[in-house]
Every structure is written in structure tokens, then in C-alpha cells.
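Engineer: Submitted below is the structure of interest, expressed as C-alpha cells.
The values are calculated or read from the model by the stated rules, or taken from the named source; none is laboratory data. Note that this is a predicted model, so its numbers are computed, not measured. Cβ: placed from backbone, ideal geometry, glycine included. Neighbour counts: every protein chain shown.
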Amino acid sequence: MNARLIAVTKPVIELENSGTEGLVAYCARVSNPANQDADPKKLLSYCKEHGHWSVFEMANAVVEVEAPRDITRQMLRHRSFSFQEFSQRYSDQIEFTERQFRRQDTKDRQNSIDDLSSDVLNRAEVGAYVASNTAGNVYEEMLKKGIAKECARVVLPEGLTMSRMYVNGTLRSWMHYLDVRLGNGTQREHVQLAEKIKEVLSPVMEDM
């Protein structure tokens, strides 16, 4: 899994603090124009502390995400984002991926435990390999026979194939996403992706 910052909103007028933080702070001061010299970091911290979230809608960030398709499906539930995703309808360059297997927590259905025996792990890994290899061969054979990509893709295993998409959202949406996906109840792989997203957004959001 990987994440990369593609674009971020920047001001086109001259500001004392010309970055994204300065833009958000500039817009936040509209309710108090006499206090334009307030420290941007302190102002934005105040806004967060007092729940003035609308100011963080004044800037957007676009992040490129690479993850298994079952994880990118989870991102689509964050409906305040806009998405552009790699389409298997138009490209036959399908990338398969290996996955980690864990035991289901019997006390918390949203949790999994990394304590499977080596025998169970080996069987699961072999099974996943067979599934991806078989699906890949069937997919390739369908394409050779002239079957449309949009039809042939139905045989591909969602959790064993990679996807790439661009995710655009306001800083407020990204703050909410990270708050949710870095917390308890999120699948471990999605937590790992969220950590990478937080890392690439840190130059933009570390003081917000």
C-alpha cells in the first residue's frame, strides 16, 4: 500500500503566510477582520478546539492511493471525498498482491488477532496463491478469446488485486477520515493505509 500527495490548495493572492495553512487562517479571519495579525497556528488550533470546522473546508488536498481493492472499497464510504479510480474496464494490466491472514476475535467482530498456527497460515497463503493464479489464468484466457475486459474482470478476486485512485477532499474531510481510520474498529490494513496518508499530508496539516 502506498499514498502520495498530488495537489493542495494554495492562495493566488499575496499573503504573509502563503501556504495552505495561511490560506485557511486568512479565510477564518473573515469574522474578525480587525485581527488579521493573529498567529495562524493559534487561530486554527482555536478553531479545532471550539469545533469551528467550516474553516477547514477552505482548502483541498488530492492524494493518490494504492491499495487492494477491498480496502479502496472502504474508502468509498467516506462520501465527502471525490474519487477517480483505476478501471479494469480499460486496462488488462492487473496487479495481484499477497495478503496477511489473522484469526477472528471472538469477543470483538471488528478485530482480528495475529496468532494463527504456521500450518493454518501456510494453508491460507497457498489457497490465496491458487485463487489468484487460477483467476489470473482464466482472465487472460478470456481476453485471448475476445471477451470484453468489463466482462472478464468479474473473475478477479477483489482482495487479491491492487487498485489505484485519486482522492480529493477538503482538509476537514481528511481530518475526519484520519480520526476514524486511525481509531479502533478499523481493519488493520486500512489503518496502515491511513498512516501513510497521514504521513504525506503532514506537511500540509501538521499545524492544524
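Engineer: For residue 64, work out the one condition from (1) over 22 Å from residue 124 (Cβ atoms); (2) not in a strand (DSSP E or B) it doesn't fulfil.
Structural biologist: (2)
Engineer: Another question, then. Looking for whichever is closer than 17 Å to residue 191 by Cα and within 20 Å of the chain's Cα centre (by Cα) here; the options are 84, 74, 88. Which one fits?
Structural biologist: So the residue among 84, 74, 88 that is closer than 17 Å to residue 191 by Cα and within 20 Å of the chain's Cα centre (by Cα) is 74.
Engineer: Regarding segment 77-94, can at least one residue be identified that is crowded, with 17+ Cβ neighbours inside 10 Å and assigned to a helix (DSSP H, G or I)?
Structural biologist: No: zero hits.
Engineer: Can you go through 106, 186 and tell me which one is more than 30 Å from residue 204 (Cβ to Cβ) and modelled with pLDDT under 95? Steps first, please.
Structural biologist: Values: 186 fails: more than 30 Å from residue 204 (Cβ to Cβ).
Checking each option against the conditions leaves just 106.
Engineer: For segment 150-164, does any single residue satisfy the condition of being crowded, with 17+ Cβ neighbours inside 10 Å, of a type outside the set (A, V, I, L, M, F, W, C) and within 14 Å of the chain's Cα centre (by Cα)?
Structural biologist: Within segment 150-164, one or more residues are crowded, with 17+ Cβ neighbours inside 10 Å, of a type outside the set (A, V, I, L, M, F, W, C) and within 14 Å of the chain's Cα centre (by Cα).
Engineer: What's the number of the only condition in (1) in contact with a His (Cβ under 7 Å, 6 or more places away or on another chain); (2) not in a helix (DSSP H, G or I) that residue 74 fails to meet?
Structural biologist: Residue 74 satisfies all of (1) in contact with a His (Cβ under 7 Å, 6 or more places away or on another chain); (2) not in a helix (DSSP H, G or I) except (2).
Engineer: Still on this structure: Just checking, how many residues over segment 112-151 are assigned to a helix (DSSP H, G or I) and on the phi > 0 side of the Ramachandran plot?
Structural biologist: Let us first name the residues in segment 112-151 that are assigned to a helix (DSSP H, G or I), namely 118-144, 149-151.
Those left that are additionally on the phi > 0 side of the Ramachandran plot: none.
Matching residues across segment 112-151 total 0.
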